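A.B. asks: Below is the structure I would like to discuss, written out as structure tokens.
The values are calculated or read from the model by the stated rules, or taken from the named source; none is laboratory data. All of these numbers come straight from a predicted model, not from anything done at the bench. Neighbour counts run over all protein chains shown; Cβ positions are idealised from the backbone, glycine included. To get the accessible areas, we keep the full protein, side chains included, count just its heavy atoms, and leave off ligands, DNA and RNA. Shrake-Rupley method; radii C 1.70, N 1.55, O 1.52, S 1.80 Å.
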Amino acid sequence: MRTVFQPPLPLIILILCMYITPICSFNITKILAQHPEFSTFNHYLSATHLAGEINRRKTITVLAISNSGMGSVLSKHLTLYTLRNLLSLHVLVDYFGAKQLHQLTRGTTLSSTLFQATGTAPGTTGFVNITLHRAGRVFFSATDSGGNPPVSFVKSLKEIPYVISVIQISSPLSSPEAEAPTPAPTDVNITALMAKKGCKTFADLLDSTADAASAFASNVGSGLSAFCPVDQAINPFLPSFKNLTAGEKLSVLLYHAIPVYYSIQMLKSNNGVMNTLATEGTKKNYNLSVHNDGEVVTLKTKVDTAKITGTLIDEDPLAVYTIDVVLKPRELFKPVEAPAPAPAPAPTTDVAADSPKGAKKKHKHALPPPTAGEPADSPDEESADQKVDDDENDAVGGRVVVVAGKWIAAAAAAAVMLLAY
């Protein structure tokens, strides 16, 4: 009997998500709105701006807390920013439906959370342990639970396979690190944060350059995304920086910040040109462009390209990321020119061509230049050239249609497989 190949369900879902976006789109606020017993949890997901972060994710699991469970959280009188850290510990950046939870390989696994993804959690304190006990019960606990007992799986509220899973847990997760007092982003000393996280040289330049650090700080309230080159990247740039005028130095530093808050997930889903702090108050552009390739985000100027390598803080309205290259604006630096190609070797000549007689024969067969008023190409030649161009365009268009048709067929096939699964 012939064996029929059946692709794994995650692969089918992936294909569908690539070509049929609505299948994989979701809104955590609307999902929880169908369950009034989670209205408090739902409210604070929106108040802390976690709801938007959840909706931008492609694969997510939300550990929902009932209204009674949220009562114990609110009794601690946490600030909104500390509450954001604690709730982000309840958002796993992987998919765990009820079936997957009750079929854990080796009975246990470790999952990262949004708390870990923000870079705020020290070490691995932003991870959650998931354990399947012999009796079939599933338990969750933070890696730094502080000795508190684990919480248990209650029921599944909503599942879009391998996209989002919303499940109820018996009580809130406990974590001393997540519940530690967190200052509001507007109270954060940006340069001090940079200096502690590998960007000390850049932080020192901000502090020592007039109006630089204050420009960063004054924009936090309305939203700011800053990019600090790590020390290894900026140290070789210092000699060039010292040769700039005071105004140029300020422009280079302000070029490393965008006056809008962009979480790392927002950057991963945005491509295009953006203004910087250096753009304000000047006739010059001082723009840069954001590009993403999967999980890799790069910032491109017309001079160089930098890659985001880490996150120092990512809490609306402030985000600070590390980059591996100093951003050089085209307005102040010249692009590095590509080396000129090597000259082609001189053509070989034969004896006949070098002789006067040979040269005469050669000129005899050469086409004469067009006389005054005569077009360089005859109408017949132009028509032939146009026909070649049209044929080439038709060929390219045909290839595009064929490729597009193949992808549409693949998406349709994936949909059929999902329905038959």
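A.B. asks: Could you tell me which of the pairs 196/242; 99/158; 76/155; 200/284; 249/328; 284/328 are separated by over 18 angstrom between their Cα atoms in the structure shown? Kindly include the intermediate steps, with their values, before the conclusion.
C.D. replies: Working: 196/242 24 Å; 99/158 13 Å; 76/155 26 Å; 200/284 29 Å; 249/328 11 Å; 284/328 14 Å.
Violating the 18 Å limit, Cα to Cα: 196/242; 76/155; 200/284.
A.B. asks: Still on this structure, please answer the following. Beta carbons within 10 angstrom, averaged per residue: use that to sort the peptides 192-200, 214-222, 317-325, highest first. Mind dumping the intermediate values first?
C.D. replies: On the way: 192-200: 18.6, 214-222: 16.0, 317-325: 21.9.
Top of the packing list down: 317-325, 192-200, 214-222.
A.B. asks: Any idea how far apart residue 155 and residue 112 come out in nm if each label point goes 7 Å out from Cα toward Cβ?
C.D. replies: Result for the modelled spin labels: 3.3 nm.
A.B. asks: Please work out the FRET efficiency for the pair residue 187 and residue 210, using the Cβ-Cβ distance as r and a Förster radius of 25 Å; give the result to the nearest 0.05.
C.D. replies: Working: r = 23 Å, r/R0 = 0.93.
Once rounded, the FRET efficiency stands at 0.60.
A.B. asks: While we're on this one: From the protein chains alone at 1.4 Å, what is the descending order of accessible area for 159, 315, 295, largest first?
C.D. replies: Values: 159 70, 315 5, 295 135 Å².
Listed by decreasing accessible area, they come as 295, 159, 315.
A.B. asks: May I ask what percent, to the nearest 5, of DSSP beta bridges between residues of segment 190-323 are antiparallel?
C.D. replies: So the antiparallel bridges amount to about 75 percent of the total.
A.B. asks: Now for a separate question. In the neighborhood of residue 45, defined by Cβ-to-Cβ distances under 10 Å, what is the net charge if each Lys or Arg adds +1 and each Asp or Glu adds -1? Please list the in-between numbers first.
C.D. replies: Details: positive: 84; negative: 53.
Around residue 45, the charge tally is 0.
A.B. asks: Would you mind pulling out the separation of the Cα centroids of segment 112-133 and segment 176-235, in Å?
C.D. replies: Segment 112-133 and segment 176-235 have Cα centres spaced 24 Å from each other.
A.B. asks: Using 7 Å Cα-to-Cβ label points, what is the residue 285/residue 43 separation (nm, one decimal)?
C.D. replies: 4.8
A.B. asks: May I pose another question? With every protein chain in place, what's the accessible area of residue 207 (1.4 Å probe, Å², nearest 10)?
C.D. replies: About 90 Å², ignoring ligands and nucleic acids.
A.B. asks: Take the alpha carbon gyration tensor of segment 28-169, find the square roots of its eigenvalues, order them as a ≥ b ≥ c, and report rounded if a/c is under 1.5; if not, report prolate when a/b exceeds b/c, else oblate. Spell out each step's value before the answer.
C.D. replies: Details: a/c = 1.38, a/b = 1.19, b/c = 1.16.
Here segment 28-169 falls in the rounded category.
A.B. asks: If the chain between residue 94 and residue 58 were fully stretched, how many nm would it gain, using 0.36 nm times the residue separation less the Cα-Cα distance? Before the final figure, lay out the partial values.
C.D. replies: Values: separation 36, 0.36 × 36 = 12.96 nm, distance 0.90 nm.
Full extension from residue 94 to residue 58 adds 12.1 nm.
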